[in-house]
Amino acid sequence: VLPKPVPVPTLLELLAVARRGGLLVLIEDDASLADNLTEVLQSRGFASVTAASALETERLGDISPFTALVDLRMPGEVDGEAMRKLALRFPGLPMLVVTGHLEIAPPVHYEGYFAKPFDTTDLLAAIEHLYRAHHG
């Protein structure tokens, strides 16, 4: 979000790091963590859409993400349900699991597994790898 009048140096800085096709889905019920991850991703030129429940994954709109970060446990839902719904909505979408519940087995194939608390640098490296693989 930029104020009006738009600060041109800020706009140029954002455009310099923006990535074409750099949209990812973030499924996380912890609003603080989701905000922090969104901010870090934006600093690397990625855009994200977030959902805090399995139901919200059905309301994501007409998007084309290149990957997803998914928490396995959402309050009031069957473990892994958001991941299952995301896999149905976006067949073949590479997913990275980000969870504090190591006892839950991911219900579908995933590209990486990050136990909370995780090293953000490692997570960003995995996202960068998936972005490069998707965009050649």
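Please treat every number below as a calculation from the coordinates, not as lab data. Owing to the predicted nature of the structure, the values given are computational and were not obtained by experimental measurement. Note that each Cβ is placed from the backbone with ideal geometry, even for glycine, and that neighbours are counted across all protein chains shown.
Taking Thr57, is it in contact with a Lys or Arg (Cβ under 9 Å, 6 or more places away or on another chain) and over 23 Å from His129 (Cβ atoms)? Criteria met by Thr57.
Specify which of the listed residues (Leu37, Leu60, Leu55) is within 19 Å of Ala82 (Cα to Cα) and without any contact (Cβ under 8 Å) to a residue 24 or more places away in the chain. Reasoning before the result, please.
Working: Leu37 fails: without any contact (Cβ under 8 Å) to a residue 24 or more places away in the chain; Leu60 fails: without any contact (Cβ under 8 Å) to a residue 24 or more places away in the chain.
Unique residue meeting the criteria: Leu55.
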